[in-house]
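The values are calculated or read from the model by the stated rules, or taken from the named source; none is laboratory data. None of the values given here were measured: they were computed from a predicted structure. Using ideal geometry, Cβ is built from the backbone for each residue, glycine included, and neighbour counts are taken over all protein chains shown. Only protein heavy atoms, including side chains, enter the accessible area calculation; ligands, DNA and RNA are left aside. Shrake-Rupley method; radii C 1.70, N 1.55, O 1.52, S 1.80 Å.
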There are 2 protein chains.
Amino acid sequence: MQFSVTEENYLKAIYMLRENNDGGGVGTNELSQQLQNKAASVTDMLKRLAEKKLINYQKYKGVVLTSRGEKLAIKIIRKHRLWETFLVEKLSFKWDEVHEIAEQLEHIQSDELINRLENFIGNPRFDPHGDPIPDSKGQFNFLKSKPLSQFNQKGNYLLTGVSEHSKSFLQHLTSVGLKIGDSIKVDELNAFDNSYKVTINKKNIQFFSNKVASHILVVLKK
Amino acid sequence: MQFSVTEENYLKAIYMLRENNDGGGVGTNELSQQLQNKAASVTDMLKRLAEKKLINYQKYKGVVLTSRGEKLAIKIIRKHRLWETFLVEKLSFKWDEVHEIAEQLEHIQSDELINRLENFIGNPRFDPHGDPIPDSKGQFNFLKSKPLSQFNQKGNYLLTGVSEHSKSFLQHLTSVGLKIGDSIKVDELNAFDNSYKVTINKKNIQFFSNKVASHILVVLKK
DNA sequence: GATAACATTTAGGGCAGCCTAAAAATATAT
DNA sequence: ATATATTTTTAGGCTGCCCTAAATGTTATC
């Protein structure tokens, strides 16, 4: 069965919002914000998706993906991340230039294509933003990284990913000299505004606002 | 200005049908057949395309592309052929497997992407079916090849392309051992049914029906 | 030139996906 | 517990793109 680009985008949005929302269903308002449309339009579509057994939906109670819907959502995410990797690795795009193009490419229908593409780019396990790429069965190789802002301690960290993909944020990271795989040493925590003084790769001293720190995903190095 | 996938497909269809139709505009019926929909739907869309100045349209008189419409059509064809070449050259698809996927990829919007892709695959001038790939300015490098069926003489020919891209036709050519660049010597012309007895690459003897010969594009070797 | 055959357009309608405004349900505050 | 604020749904409507059936224009035939 084939689904429209719009339907696929709803599934992806539900999947991505659920990751934060611990457990509970995703709200209509939340979705309309993510999808840049109105709440009434979302309600409309949720009914259609429920009929197609892609989501479980009860009026006023929010929405969760069925296993069928989740499989589809993961497949779209897989395609998005593989295309992003292709664009950066093979066509030399920068990591802040690929998101919009991948938003289009993720809807191309062909399993054969995506599997060959994966092989062509060397079966990467993470995309250019450090996000894990699920395999063709939908399995993630996951690292339990967290936002830097959730560690309230000095120490040495490894940058494994980012949770914000906007051009302006990615360009900011590039401008402070930061990329996936870099080390970040937290030298000072400012309790007043929750900002950070850090050293990147042992020599580059920078300040991160809490907002920046909340979108930087790290693991603590022992 | 952005156009819908449907609008792009209409422009492409008008462009491709015009190539045969010597001079005159393309008919509504003809288009509905190409686009697999009904004539009434075509009339509907032609009005919209005319308002957007992509075509010149007069009721009952058929349709021609404006220069704006033609530029767009050529761009879509350029993208289609570059993606087909990518799929065959980089992802090892066979020439009969790429058409449907390229029908989707041709609608991806990004000039930067298509130019980088072109460079990545080595600036090819012909796609896997022998069709010329227009450059980023819309210029074709054209060879004046014609269907084999239009030469009414024995002689030596070079296969430069095909005018039918269906899986079944391409697989037929593959099965008789024929690919772009092969030589075809016409040994006999059968006046009764306009079929051909030929020798491929100097050793492989085959028979072509007129239908097959009409979709094989060749140049006469001197 | 009339008539038949064919091509094209109009009229009216359906569905997907969006909208606004108003109503209903739920959550929050007092 | 009631009043208020917020979220969500319903009702009704719009546009893009498709359809069928009927009307109209064009072309071919005698």
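Report, to the nearest 10°, how far helix A:5-20 tilts away from the longest principal axis of the Cα atoms in chain A, using its own Cα long axis and a range of 0 to 90°. The angle comes out near 50 degrees.
Taking Cα centre as origin and charging only the Cβ of basic (Lys, Arg, +1) and acidic (Asp, Glu, -1) residues, the dipole magnitude of chain B rounds to 560 debye. Which trypsin sites (Lys or Arg not before Pro) from the range A:114-153 combine a DSSP loop assignment with at most 10 other Cβ atoms within 10 Å? Here the trypsin sites (Lys or Arg not before Pro) that fit, given the DSSP loop and packing criteria, are A:137, A:144. Relative to the Cα centre, the charge distribution of the protein assembly as shown, modelled as +1 at Lys and Arg Cβ and -1 at Asp and Glu Cβ, gives a dipole magnitude of about 240 debye.
The modelled label-to-label distance for the pair residue B:201/residue A:37, using points 7 Å beyond Cα in the direction of Cβ, is 5.3 nm. Note: relative contact order over chain A, using C-alpha pairs below 8 Å and six or more positions apart, is 15 percent.
The residues packed around residue A:39, meaning those with a beta-carbon under 14 Å from its beta-carbon, carry a net charge of +1 if Lys and Arg are +1 and Asp and Glu are -1. Inter-label distance, residue B:210 to residue B:94: 3.0 nm, where each label sits 7 Å from its Cα along the C-beta direction. Note on the range B:145-222 and the range A:127-198: Cα centroid distance 60 Å, given to the nearest whole angstrom.
Among the residues of the range B:77-96, those with an accessible-area drop of 50 Å² or more from chain alone to full protein complex, heavy atoms and 1.4 Å probe, are B:91, B:93. On association of chains A and B, roughly 1600 Å² of accessible area becomes buried (total for both chains; probe 1.4 Å).
Excluding ligands, DNA and RNA, the accessible surface per residue across the range B:5-65 is 61 Å² with a 1.4 Å probe. Roughly what angle does helix A:39-51 make with the longest principal axis of chain A, taking Cα atoms, 0 to 90 degrees, to the nearest 10? Helix A:39-51 sits roughly 60 degrees off the main axis of chain A. An oblate overall shape is assigned to chain B, the ratio a/c of its alpha-carbon gyration tensor axes (a ≥ b ≥ c) being 1.5 or greater and a/b not exceeding b/c. Note on residue A:58 and residue A:111: the extension gain reaches 15.8 nm, defined as 0.36 nm multiplied by sequence separation minus the Cα-Cα distance. Each of B:92, B:132, B:117 was placed along the dipole of chain B (beta-carbon charges, centred on the mean Cα), and the one lying farthest toward the positive end is B:132. Nonpolar atom fraction for the range B:5-65, defined as the carbon and sulfur part of the 1.4 Å probe accessible area, stands at 45 percent. Within 10 Å, at most 13 other Cβ atoms, and a DSSP state outside H, G, I, E, B define an exposed site. Report the longest part of chain B free of exposed chymotrypsin sites (Phe, Trp or Tyr not before Pro). Excluding the exposed sites themselves, the longest stretch runs over B:61-141. To the nearest ten degrees, helix B:111-120 and the longest principal axis of the Cα atoms of chain B are 20 degrees apart. The Cβ shell under 15 Å around residue B:190 holds other residues with a net charge of 0, Lys and Arg each +1, Asp and Glu each -1.
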